Amino acid sequence: MSEHTSLPDLSDPVTVPMPTAYGEFSMTVFTDPADGKEHIYLLMGHPAQVSEPIIRIHSECATGDLFASSRCDCGEQLDGSLRIISDAGCGVLIYLRQEGRGIGLKNKLRAYQLQDQGLDTIDANLQLGLPIDSRSYVIAAAVLKALKISKLRLLTNNPEKVSSLQAHGLEVNRLPLQADYHHQNLGYMKTKQIRMGHLVNL
């Protein structure tokens, strides 16, 4: 994954109050000037006034986030993150539109077809000629700096997110994010743990 050397300006943000099942947030939609994609962040309370606010950077997963797919742990991570932020009364969830670790929804389903034939999530991507993980967290770092957050607790099991934010001068402490693992996603989770270095407790 390549990262830009400087942070982009967030383009033309729009913010509205957003009452949710998890409490009162504000929702901001903004455009990444690098590729024109619209991303989202949900903000509760006044995180810039907290010494280490809780932050979640969540990459879009339509199957898990919208339809509660059991093939991954994404929907549970999204739900758990919003609950943790709500319980703290303060924090930010940054929702990045980079489906399928950056390959898009249709390609993710193609990779699922290969996984159903016995390949793991990495080898399925490689057989399709796709990157293992092309996500970038540059725009997330830009959001945090725009919100005047320089030190944070990051809800993640992915050390790549931590190192990416640190590369942009942010001070990051990791908070583990546990989901319920079961036979339908255990192979996927083992691959993330063994081959991608994710810090999960299986």
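The values are calculated or read from the model by the stated rules, or taken from the named source; none is laboratory data. No experiment lies behind these values; they were computed from the predicted model shown. Here the Cβ positions follow ideal geometry from the backbone for every residue, glycine too, while neighbour counts run over all protein chains shown.
Things worth noting here:
- Hits in the stretch 84-117 (condition: under 11 Å from the mean Cα position of the chain (by Cα) and aromatic (Phe, Trp, Tyr)): Tyr95
- If only residues of the stretch 44-83 that are more than 15 Å from the chain's Cα centre (by Cα) and aliphatic (A, V, I, L, M) are counted, the one that is nearest to Pro19 (Cα to Cα) is Met44.
- In the stretch 27-36, residue modelled with the lowest pLDDT [restricted to those that are in a strand (DSSP E or B) and surrounded by fewer than 21 Cβ atoms within 10 Å (Cβ to Cβ)]: Thr31
- Residue in the stretch 178-192 that is among the aliphatic types (A, V, I, L, M), modelled with pLDDT under 85, surrounded by 13 or more Cβ atoms within 10 Å (Cβ to Cβ) and more than 30 Å from Thr28 (Cα to Cα) present: yes
- Meets criteria (within 23 Å of Val162 (Cα to Cα), in a helix (DSSP H, G or I) and of a type in the set (S, T, N, Q)) for Ser81: yes
- Only one entry of Lys151, Lys108 meets the criterion of being crowded, with 17+ Cβ neighbours inside 10 Å, touching a residue at least 40 places away in the same chain (Cβ under 8 Å) and out of contact with any Leu (no Cβ under 6 Å at 6 or more places or on another chain), and that entry is Lys108.
- The one condition from (1) at pLDDT 95 or above; (2) surrounded by 14 or more Cβ atoms within 10 Å (Cβ to Cβ); (3) assigned to a strand (DSSP E or B) that Glu24 does not meet is (2).
- Just one of the numbered conditions (1) within 21 Å of Asp79 (Cα to Cα); (2) crowded, with 17+ Cβ neighbours inside 10 Å; (3) at pLDDT 90 or above is not true of Arg174: (2).
- Residues in the stretch 42-92 that are of a type in the set (Gly, Ala, Ser) and either under 18 Å from Ala111 (Cα atoms) or surrounded by fewer than 17 Cβ atoms within 10 Å (Cβ to Cβ) (or both): Ala48, Ser51, Ser59, Ala62, Gly64, Ala68, Ser69, Ser70, Ala88, Gly89.
- Identity of the residue in the stretch 37-62, of a type outside the set (A, V, I, L, M, F, W, C) and assigned to a loop (DSSP other than H, G, I, E, B), that ends up nearest to Asp79 (Cα to Cα): Glu60
- Flag for Val92 being among the β-branched types (Val, Ile, Thr), modelled with pLDDT of 95 or more and out of contact with any Gly (no Cβ under 8 Å at 6 or more places or on another chain): yes
- Within the stretch 120-130, the residues that satisfy the criterion of being in contact (Cβ under 8 Å) with a residue 60 or more places away in the chain and either among the acidic types (Asp, Glu) or surrounded by fewer than 19 Cβ atoms within 10 Å (Cβ to Cβ) (or both) are Asp120, Ile122.
- Close pairs (7 angstrom Cβ cut-off, 6 or more residues apart or separate chains): closer than 14 Å to Asp79 by Cα in the stretch 20-36, surrounded by 12 or more Cβ atoms within 10 Å (Cβ to Cβ) and basic (Lys, Arg) anywhere: Tyr22/Arg83
- Unique residue being of a type in the set (Gly, Ala, Ser) and under 14 Å from the mean Cα position of the chain (by Cα) when the list is Ser136, Ser150: Ser136
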